[in-house]
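Shown next, in structure tokens, is the structure this report addresses.
The values are calculated or read from the model by the stated rules, or taken from the named source; none is laboratory data. Note that the structure is predicted; figures quoted are calculated from it, not measured. All Cβ positions, glycine included, derive from the backbone under ideal geometry; neighbour counts span all protein chains shown.
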């Protein structure tokens with residue numbers, strides 16, 4: 001497909017979006033919207049969640065346009081990207097910008113595509129073909145442009161967004177410092193109002209700035225007078241702005257990562273981004289968006305790795321047979337399919353939740369950024385879940401792909417070797433996975449304390465059930481997913497058991513028990529994965545053919561049953577820290593009752609998934 005044809009397709013999409021906005025229905029009342037974290041204590045129906053099978057022709061058009069761009073512009077240049085050919089990243093960013101991919105979430109009036117969140121993550125998925133490129137374009141489309149999109153004044157938006165959207169200018173986000181990476185609010189960079197009252201003088205140093213070496217605009221966080229945490233828009237041409245040398249990294253070597261030194265940099269007062277002293281609102285909200293987009297990128301990266309592994313397993317011979325015919329290879333391929341299915345189900349469910357919250361708004365209005373941020377804040381727990389599970393799934397996928405390739409996978413020149421190195425940083429990006437595990441539980445506890453999420457009432461109901469004073473919900477045994485429904489219900493109760501016991505035992509000291517907090521977050525993530533898989537499978541099977549329905553049941557059974565195994569192991573670990581003696585024995589007995597199950601033939605089920613993937617030479621669900 002020629003570039004002009006692709007451009008025309010995207011213009012069509014833009015027009016469709018504009019028409020959709022003008023004909024939108026009124027937004028649903030806030031009381032009717034699904035609240036973030038409510039999946040732990042409420043039951044959803046399949047019709048309430050968005051799944052990949054629900055995508056429209058417009059969504060497919062956007063995804064295909066992005067895939068064409070990757071196949072024609074990025075894949076032929078992978079070696080050049082890895083080798084850091086001078087000027088290449090800016091050249092490719094401009095080509096991506098012609099199709100709108102540097103500004104998927106930016107209003108059309110400022111040169112963006114103004115896409116819904118489903119479309120936005122479809123683009124993020126396709127861009128994940130190469131880690132260096134995904135990091136570069138992801139930073140431009142995310143942390144490089146969205147702070148101004150969401151928090152800028154009309155004057156700032158008019159000045160900066162069109163040139164960032166077209167990639168005439170490249171943006172970079174400067175938050176981390178050498179001594180305060182995860183503890184970002186403890187930054188040392190200072191801003192002092194100059195004597196003329198028209199400028200702030202910035203002094204300090206930032207580390208690990210993505211696109212730092214090619215950026216024109218830096219979004220810098222500093223403390224005014226050492227106290228008021230504030231964001232500033234800093235032009236590379238300002239005196240005293242000094243990007244450092246390129247970092248030599250384990251992975252994503254083709255992307256630009258530098259330090260940034262600021263020495264008495266005069267920044268006009270009109271370049272303060274957002275409110276003085278409220279830079280944390282920008283930092284944390286942009287991190288929510290980054291986590292959500294990173295999770296989507298991990299879906300795409302995982303699918304690309306599966307395709308590579310399937311192709312190799314289908315062509316490589318050993319002992320007179322294709323290695324794809326060997327059971328232990330099939331087990332790997334089947335598990336890869338299952339993990340992608342779970343992550344993909346969560347990713348699209350979360351995107352659908354955000355889009356539902358934004359339903360009916362005029363995406364081009366001045367209030368849209370605020371409404372979008374409110375939706376992201378509401379789904380902050382889900383965004384952190386996607387970041388953690390996404391990056392850990394991609395880590396598993398890369399490791400297994402290298403193993404399937406054998407010695408070849410350990411040699412440069414093979415995509416899986418590069419992917420293995422590239423993906424490692426994802427568990428550090430956007431808040432480490434350890435930080436996100438602490439955040440998940442912390443956010444839930446704070447919502448409970450504020451009365452936004454009635455976890456205490458749910459825990460009390462669970463206590464009544466354990467004591468035999470409340471009815472126990474049962475699934476319909478005629479349902480093909482009856483066993484999985486019971487396990488999802490049981491997993492939610494296990495979360496309440498462990499979280500409630502931990503709060504009762506440690507009270508305000510719970511935050512010092514980080515290992516227990518980590519377990520609670522692992523339970524939260526497992527519940528979200530299990531229910532997302534269940535709801536998608538229930539929804540999809542009604543449209544599947546008989547053979548496709550069997551594969552759908554197989555993947556659901558694998559995902560949910562194996563998640564239950566992990567939940568039981570994690571819960572035992574936490575309960576042994578929380579209680580002892582007769583109390584512990586009682587809790588372990590309750591735990592077994594909640595997760596009572598007969599193990600499925602996981603070997604046979606994974607063989608089914610592997611065979612389905614081998615037949616299509618790709619991920620067997622959806623049209624990707």
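Among the residues making up the stretch 382-413, a single one is modelled with pLDDT under 95 and either crowded, with 22+ Cβ neighbours inside 10 Å or in contact with a helix residue (DSSP H, G or I) (Cβ under 8 Å, 6 or more places away or on another chain) (or both): 412. Residues considered: 335, 263, 315, 247. Of these, the only one that is touching a residue at least 12 places away in the same chain (Cβ under 8 Å), closer than 17 Å to residue 610 by Cβ and surrounded by fewer than 22 Cβ atoms within 10 Å (Cβ to Cβ) is 335.
Given the criterion under 22 Å from residue 529 (Cβ atoms) and surrounded by fewer than 16 Cβ atoms within 10 Å (Cβ to Cβ), identify the matching residue among 567, 560, 598. Spell out how you get there, then give the answer.
Details: 567 fails: surrounded by fewer than 16 Cβ atoms within 10 Å (Cβ to Cβ); 560 fails: surrounded by fewer than 16 Cβ atoms within 10 Å (Cβ to Cβ).
None of the others qualify; the one that does is 598.
When residue 178 is tested against (1) touching a strand residue (DSSP E or B) at 6+ places or on another chain (Cβ under 6 Å); (2) more than 23 Å from residue 245 (Cβ to Cβ); (3) surrounded by fewer than 16 Cβ atoms within 10 Å (Cβ to Cβ), only condition (2) is not met.
Taking residue 375, is it in a helix (DSSP H, G or I) and either more than 28 Å from residue 620 (Cβ to Cβ) or without any contact (Cβ under 8 Å) to a residue 60 or more places away in the chain (or both)? So residue 375 passes the test.
Only one of the listed residues (147, 107, 162) is surrounded by 23 or more Cβ atoms within 10 Å (Cβ to Cβ) and touching a helix residue (DSSP H, G or I) at 6+ places or on another chain (Cβ under 9 Å). That residue is 147. Remark: residue 429 matches the filter, which requires a residue to be farther than 23 Å from residue 569 by Cβ, buried (at least 17 other Cβ atoms within 10 Å of the Cβ) and in contact with a strand residue (DSSP E or B) (Cβ under 9 Å, 6 or more places away or on another chain). Is one or more of the residues making up the stretch 416-427 over 17 Å from residue 127 (Cα atoms) and not in a helix (DSSP H, G or I)? Checking the stretch 416-427: not a single residue is over 17 Å from residue 127 (Cα atoms) and not in a helix (DSSP H, G or I). Would it be correct to say that residue 205 is surrounded by 24 or more Cβ atoms within 10 Å (Cβ to Cβ), modelled with pLDDT of 95 or more and not assigned by TED's automatic domain parsing to the domain that holds residue 137? No, not satisfied.
All of (1) surrounded by fewer than 24 Cβ atoms within 10 Å (Cβ to Cβ); (2) not in a helix (DSSP H, G or I) hold for residue 167 with one exception: (1).
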